[in-house]
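Below: the structure, in structure tokens.
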Amino acid sequence: MNDLIIRNITQRKFRTGLTVFGIALGIFAVMVMGGMSEYFNRHSENTLNLVDKIQVVPETGYLGGSIDESTVRKVNRVPGVSDAYGLLWMPYDVEGIGLIGDYVVGIPIDKQETTLKDTKLKSGRLLLPSDTYRAVLGSNVEREFKIKVGDELTIKSKRFRGTSSITHERNFTVVGILEYTSSDYDNVIAIPLETAQKFYELENTVSYIWVVPEPSADGEDLAKRIELSVEKITALSPQKLREQVEKTLVIINLITLSSAILAAIIGGLSVMNTMLMSVSERTKDFGLMKAMGAEIWDILYLTMGESALMGVLGGIFGIIGGGIFIYYMNEYLSSMGMVLFAITPRLIIISLLFATLLGTLSGSIPAYRAMKMNPMEAMKYG
């Protein structure tokens with residue numbers, strides 16, 4: 001029976017090819033959109049695992065302003081706070097909107113290990129108290145600028161004078177490069193906080209405050225107490241931050257689901273059309289098989305087997321095509337300091353199972369039609 005399935009498919013090479021291409025196109029879309037979803041899921045999870053502290057931001061939000069350093073001292077006085085310190089985050093591209101890309105991060109020298117948590121150095125060292133114009137780079141920054149320890153990286157700042165602006169630049173010597181983490185840390189250019197404040201003319205100013213709770217403190221409760229004790233700020237516990245990220249991921253995953261539905265429509269109609277034509281052309285053959293003693297399940301297996309095999313073939317080609325596209329797209333994007341796709345075993349397995357199920361279900365209607373044929377009437381066909 002399996003030999004018959006393969007023979008029936010190979011006899012109609014052009015039609016089979018078009019059907020397989022239709023399924024492959026849909027699975028290609030699933031791989032690309034799913035790869036983006038997998039990357040954002042993994043990236044967000046890794047970032048949340050590294051950023052396990054309460055984040056204090058301006059009351060206007062992440063992009064809404066800055067915080068005076070005196071606020072750090074106020075936060076430190078809140079009962080339950082073990083430590084609090086400020087970070088200055090600035091977009092590396094002074095002409096960009098600051099939502100994506102690399103970030104220059106002013107970090108207190110003595111808080112590097114607390115901030116980086118489990119992130120290891122690929123080469124070089126962390127910043128020292130004696131460092132001024134020195135920098136530690138994330139792995140994406142290293143790839144983007146093709147830079148190594150000992151090289152210099154030019155950082156720019158835009159300074160406003162009345163209605164005009166002046167762009168100032170300075171070379172920073174790279175002293176360390178972090179390992180790849182698939183998190184926001186990959187796009188970080190870490191420099192001493194005091195150097196960053198002077199360079200950007202933002203003395204006594206930070207972007208956010210990171211709070212380390214005492215071991216016995218409840219993160220949610222402490223975040224609420226910080227908001228009540230300190231004015232003009234919003235405190236986000238790790239749990240609250242995770243909830244916000246997960247809401248964003250729901251949207252991304254819905255987009256992926258939409259691509260899967262589109263794949264089902266394209267591939268399903270393609271398989272159904274091919275199998276309906278195949279059943280129609282072989283009506284007499286099916287009648288002869290039933291007259292010779294073939295069970296209805298034999299006809300069902302033969303018909304659905306063909307559609308399932310085309311689904312598998314389409315899935316394989318779609319996975320290969322999507323994988324090649326993702327590889328070269330990531331290579332291209334990495335030259336700009338970005339990665340947007342990830343291929344995981346889960347994505348490959350889901351794509352192949354989806355393609356197989358799609359082919360099988362799409363062949364169910366033609367299979368039912370073939371199964372219900374009357375042998376005598378079918379043999380008179382054609």
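The values are calculated or read from the model by the stated rules, or taken from the named source; none is laboratory data. Quick caveat, the model's predicted, so the values are computed rather than measured. As a convention, Cβ positions derive from the backbone with ideal geometry for all residues, glycine included, and neighbour counts pool all protein chains shown.
Take the conditions outside any helix (DSSP H, G or I) and either over 15 Å from Ala263 (Cβ atoms) or assigned by TED's automatic domain parsing to the domain that holds Gly26 (or both) and apply them to Gly293. Does it pass?
Judged against the criteria, Gly293 is a match.
From the list Val32, Val56, Val105, which one is in the same structural domain as Ile343 (by TED's automatic domain parsing) and surrounded by 20 or more Cβ atoms within 10 Å (Cβ to Cβ)?
Step by step, each of Val32, Val56, Val105 is checked, and only Val32 is in the same structural domain as Ile343 (by TED's automatic domain parsing) and surrounded by 20 or more Cβ atoms within 10 Å (Cβ to Cβ).
Could you check Glu142 against (1) among the acidic types (Asp, Glu); (2) exposed (fewer than 14 other Cβ atoms within 10 Å of the Cβ); (3) within 25 Å of the chain's Cα centre (by Cα); (4) assigned to a helix (DSSP H, G or I) and say which number it fails?
Looking at each condition in turn, Glu142 falls short on (2).
Quick one: which residue in Glu203, Glu231 is in a loop (DSSP other than H, G, I, E, B), surrounded by fewer than 21 Cβ atoms within 10 Å (Cβ to Cβ) and touching a helix residue (DSSP H, G or I) at 6+ places or on another chain (Cβ under 8 Å)?
None of the others qualify; the one that does is Glu203.
Only one of Lys247, Lys240 is within 17 Å of Thr47 (Cα to Cα), free of Cβ contacts under 8 Å to residues at least 12 places away in the same chain and either polar (S, T, N, Q) or assigned to a helix (DSSP H, G or I) (or both). Can you tell me which?
From the options Lys247, Lys240, the qualifying one is Lys247.
Going residue by residue through the range 166-181, is there one that turns out to be polar (S, T, N, Q), at pLDDT below 95, crowded, with 19+ Cβ neighbours inside 10 Å and closer than 27 Å to Val94 by Cα?
Scanning the range 166-181 turns up at least one residue that is polar (S, T, N, Q), at pLDDT below 95, crowded, with 19+ Cβ neighbours inside 10 Å and closer than 27 Å to Val94 by Cα.
Looking only at residues in the range 82-125 that are within 24 Å of Met336 (Cα to Cα) and of a type in the set (Asp, Glu), which one is farthest from the chain's Cα centre (by Cα)?
Top of the filtered list is Glu95.
With the structure loaded, tell me whether Gly315 is part of a helix (DSSP H, G or I), at pLDDT 85 or above and of a type outside the set (S, T, N, Q) or whether it fails that test.
Yes.
Checking the structure you have, find out if any residue of the range 139-152 is farther than 23 Å from Met338 by Cα and touching a Ser or Thr at 6+ places or on another chain (Cβ under 6 Å).
Within the range 139-152 (the criterion being farther than 23 Å from Met338 by Cα and touching a Ser or Thr at 6+ places or on another chain (Cβ under 6 Å)), the answer is no, since none of the residues qualifies.
Only one of these is out of contact with any strand residue (DSSP E or B) (no Cβ under 6 Å at 6 or more places or on another chain) and surrounded by fewer than 20 Cβ atoms within 10 Å (Cβ to Cβ): Leu128, Leu121. Name it.
Leu128
Of everything in the range 175-196 that's of a type in the set (Gly, Ala, Ser) and touching a helix residue (DSSP H, G or I) at 6+ places or on another chain (Cβ under 7 Å), which residue is nearest to Ile109 (Cα to Cα)?
That would be Ser183.
State all residues of the range 34-77 that are aromatic (Phe, Trp, Tyr) and either over 19 Å from Asp186 (Cα atoms) or in contact with a strand residue (DSSP E or B) (Cβ under 8 Å, 6 or more places away or on another chain) (or both); if no residue qualifies, say none.
Across the range 34-77, the qualifying residue is only Tyr62.
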